[in-house]
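First up is the structure itself, then whatever we jot down about it.
We did not get these values from a lab; they are worked out from the coordinates using the rules stated. Keep in mind the model is a prediction, meaning the values are calculated, not measured. As a convention, Cβ positions derive from the backbone with ideal geometry for all residues, glycine included, and neighbour counts pool all protein chains shown.
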Amino acid sequence: MGVRDIGPHRASLLLRVKEEVVKQINAGFLEVYNYSEWVANIVLVEKKNGRVRVCVDYRDLNKASPKDNFPLPHIDVLVDNTARHAQFSFMDGFSGYNQIRMAEEDKIKTTFTTMRGNFC
């Protein structure tokens, strides 16, 4: 099916997926991966500003992953621990979710598919 066959709105979504994949490859976050036992689908989420965020649906991977017990602290404890400080700072990195190191052998589990191929 060609781009002309799918309508202008869908064509713009496919272009957005392509742009995001190219951006992530150029940043060194993604690579082409043709064969994997794990393949997830992409999900497009419309933002409040009308732009589209490209996400990957890892629910099946999450179901198959071991469950670790890392309880989150209660919000009251977090507030109490920060209340005595006069200054706070925040950092926001480029595609912050890609800043977490992953074992090389686990990368293939993050493979997702698009009309342009599989990437991890």
* Asked: What nm value, rounded to one decimal, do you get for the distance between Leu61 and Arg116 when each label is placed 7 Å out toward the C-beta?
  -> 1.9
* Asked: Which of the lysines could a cross-linker span from Lys63 if the Cα-Cα distance has to be under 18 Å and same-chain partners fewer than 8 positions apart are dropped?
  -> Lys107, Lys109
